[in-house]
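All remarks here apply to the structure that follows.
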Amino acid sequence: MTRSRPSDPLPSNPGPGEPPLLVCESIDKRFGDLVALRGVDLDVRAGEVHALLGENGAGKTTLMNLLYGLLLPDAGRIRWRGREARFGGPADALALGIGMVHQHFTLVPALTVWENVWLAHPGRAELLVDADRARGEVRALAERFGLALDPDARVRDLPVGARQRIEITKALTRDISLFILDEPTAVLAPGEVRTLFRVLRRLAEAGSAILFISHKLDEVLEVSDRITVLRHGRVTARCSTAEADAAELTRRILGDEIAAAPSARVRMSSPAGASEGEDRPALSVRRLETAAGTGVPLREISFDLRPGEILGVTGVDGNGQDELVAALAGLLRPRAGSIRLLGEDVTSLDVRARWRRGLSVLPGDRAREGLVPALTLWENLALREFGAPWARWRGRYAVVPNRHRRRAQALLTRHDVRSPGPGTTAARLSGGNQQKLLLARELAAEPEVLVLLNPTRGLDVGAADALYRTLDELRRGGRAVFLVSTELDEVLARADRWAVLSAGTLRESPTPDREAIGAMMLGGGRS
């Protein structure tokens, strides 16, 4: 492994054979006082999967946005096929042969696979009058690279993994030489991850270069040929995957001073009603059903969640997870059944009323459902607290920004949200720091029931471990946690009880038996 202190220069060293396809030399990028990248060197060769590894906020996505023309570097240069390249925007990167597959797909759900691919095709004017040719091209690409796509399928009917393969197909029609994939496994079920890795290997074998951005060390070790590690905007290690040392890479990702991110310090009073006995469920659901036409219909879901326990629910993505969490939060009105929170029937109450009674929810899509990216951090943290007694001015319901900013800074520090300060917009945070921001807001209410949907999706190992320890602290404090996750290992490791959501139906498992739970997951999974 090539190692260096953060201040050491790292010369480009692609190894024997052809010169590198892409070379970054001494790249710097700042956002105000925040240094996102400093002196970054990187080279990528044709025919390889090159992994860019690092924790949330390390600078990975910033570097990729520079390579795709979404940002301009403050210093340094980028060379493409040996010549200096300057990108005025994504169109310039695409013209050179650089394509990017984002975490959030740019597809039209109502259109078919071939229609979505056609929209991105540089020769779409010609294909407009020849649908058969467009279908044939998509079918040929799918067969060649093992993409497993039906050109006539509607995107809205496809699982997440298939939608990602459509994005890759779109890039293939543009004769892309370098594929940039930003956290591509964050939204995939385990089986879909295996399919993606097979596609990436076929692309590399065909001569394409793959830049694979991730914080998941095990996946990087499985799929990549070479690894570059970023920490706090600097390159801290490079090596071939064959010679990689997992322990050393972990140290280079997290730093010498920590083995994992600190857990949030959770302030907890005694749970409401604790003196009434611990036998009463904190959350009780009976024969809950939702109507067709609202996603995956929920069918007769019943469970009890007691204070001081974590109930883990797993399942293949798209089997009712979003709908169940929305129903518990008060966003989706059930067709039948009941929801009781601390003994009170809240079935007909809205989101705010449930929150006031002790229910907090971390949705699966933090950027769209949990936060307002254009607002500042203090505004996002104050979304539920405008008009709170501590925030009033002379007893009036008025927004006093300074009071909210002071409170926000204390919460940012307590939950290790890394940012330039409370005045930064949420859009400028990494995905992991957005998740910590959302968790900080919900835990500030000292909830007695916390519902989470895929809470570690997109988090690095340190941030995920910090969240787990926070959940353990909540459990020890007598709080109830309803953990919904498509990560089977997460549910098996963190929960006290286990259940599977399959085709809108919830079934509990008496033991954390991997094979038995896996069989339950596949019984109702959508392919």
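The values are calculated or read from the model by the stated rules, or taken from the named source; none is laboratory data. Keep in mind the model is a prediction, meaning the values are calculated, not measured. Don't worry about glycine lacking a Cβ; one is built from the backbone with ideal geometry, like all the others, and counts go over all protein chains shown. The area values use the complete protein model at the heavy-atom level, side chains included, leaving out ligands, DNA and RNA. Shrake-Rupley method; radii C 1.70, N 1.55, O 1.52, S 1.80 Å.
If one takes the longest principal axis of the Cα atoms in the chain, at what angle in degrees, from 0 to 90 and to the nearest 10, does the Cα axis of helix 431-443 lie? Helix 431-443 sits roughly 10 degrees off the main axis of the chain. Per-residue surface analysis assigns Tyr468 an accessible area of about 40 Å², computed on protein heavy atoms at 1.4 Å probe radius. Solvent-accessible area of Arg201, all protein chains in place: 70 Å² (probe radius 1.4 Å, heavy atoms, ligands and nucleic acids excluded). The H on the amide N of Ala51, modeled in the peptide plane, is under 5 Å from the matching H of Phe212, Asp225, Arg226, Ile227, Thr228, each at least 5 residues off or on a different chain. The distance between label points at Asp496 and Leu70 comes to 4.1 nm (points 7 Å beyond Cα on the Cα→Cβ vector). Rolling a 1.4 Å probe over the heavy atoms of the protein chains gives region 42-113 an accessible area of 40 Å² per residue. Angle, helix 514-523 long axis vs. longest principal axis of the chain, Cα atoms, 0 to 90°, nearest 10? The two axes meet at around 80 degrees. When shorter helices are ignored and each DSSP H run of at least 4 residues is given -39500 (n - 2.57), the per-residue value for the chain at 222 nm works out to -9000 deg cm²/dmol.
Taking the alpha-carbon distance from Lys170 and a cut-off under 28 Å, which lysines remain once sequence neighbours fewer than 8 residues away in the same chain are dropped? Of all the lysines, those that pass the test against Lys170 - Cα under 28 Å, at least 8 places apart if same chain - are Lys60, Lys216.
Legend: calculated FRET efficiency, Arg86 to Arg357, from the Cβ-Cβ distance at R0 = 51 Å, rounded to 0.05, equals 0.35. Using 1/(1 + (r/R0)^6) with R0 = 45 angstrom and r between the beta carbons of Glu143 and Arg286, what's the FRET efficiency to the nearest 0.05? Once rounded, the FRET efficiency stands at 0.35. Couplings for region 38-46, taken from phi via the Karplus curve 6.51 cos²θ - 1.76 cosθ + 1.60 with θ = phi - 60°, read 9, x, 7, 10, 7, 9, 10, 10, 5 Hz in order; Gly and Pro are left as x. Of the solvent-accessible surface of region 274-361, computed with a 1.4 Å probe and all protein chains present, 46% belongs to carbon and sulfur.
Given +1 at the Cβ of Lys and Arg, -1 at the Cβ of Asp and Glu and no other charges, the dipole of the chain around its Cα centre is 1740 debye to the nearest 20. Using a simple spin-label model with pseudo-atoms 7 Å out from Cα toward Cβ, Ala519 and Arg414 lie 4.6 nm apart. Relative to the longest principal axis of the Cα atoms of the chain, helix 131-145 runs at roughly 90 degrees.
Surface composition of region 19-64: carbon plus sulfur atoms contribute 48% of the solvent-accessible area (1.4 Å probe, protein chains only, all chains present). Computed with every protein chain present, the accessible area of Trp118 is close to 60 Å² [probe 1.4 Å]. Within the chain, DSSP assigns beta bridges of which about 55% are antiparallel (rounded to the nearest 5).
If the segment from Asp350 to Glu508 were pulled out straight at 0.36 nm per residue, it would be longer than the present Cα-Cα gap by 54.1 nm. Calculated accessible area for region 278-356 comes out at 43 Å² per residue, all protein chains present (probe 1.4 Å; ligands, DNA, RNA ignored). In region 399-476, the portion of solvent-accessible area held by carbon and sulfur atoms comes to 48 percent [1.4 Å probe, whole percent, DNA, RNA and ligands not counted].
Extension gain, Asp218-Glu473: 0.36 nm per intervening residue step, less the Cα-Cα distance, totals 89.1 nm.
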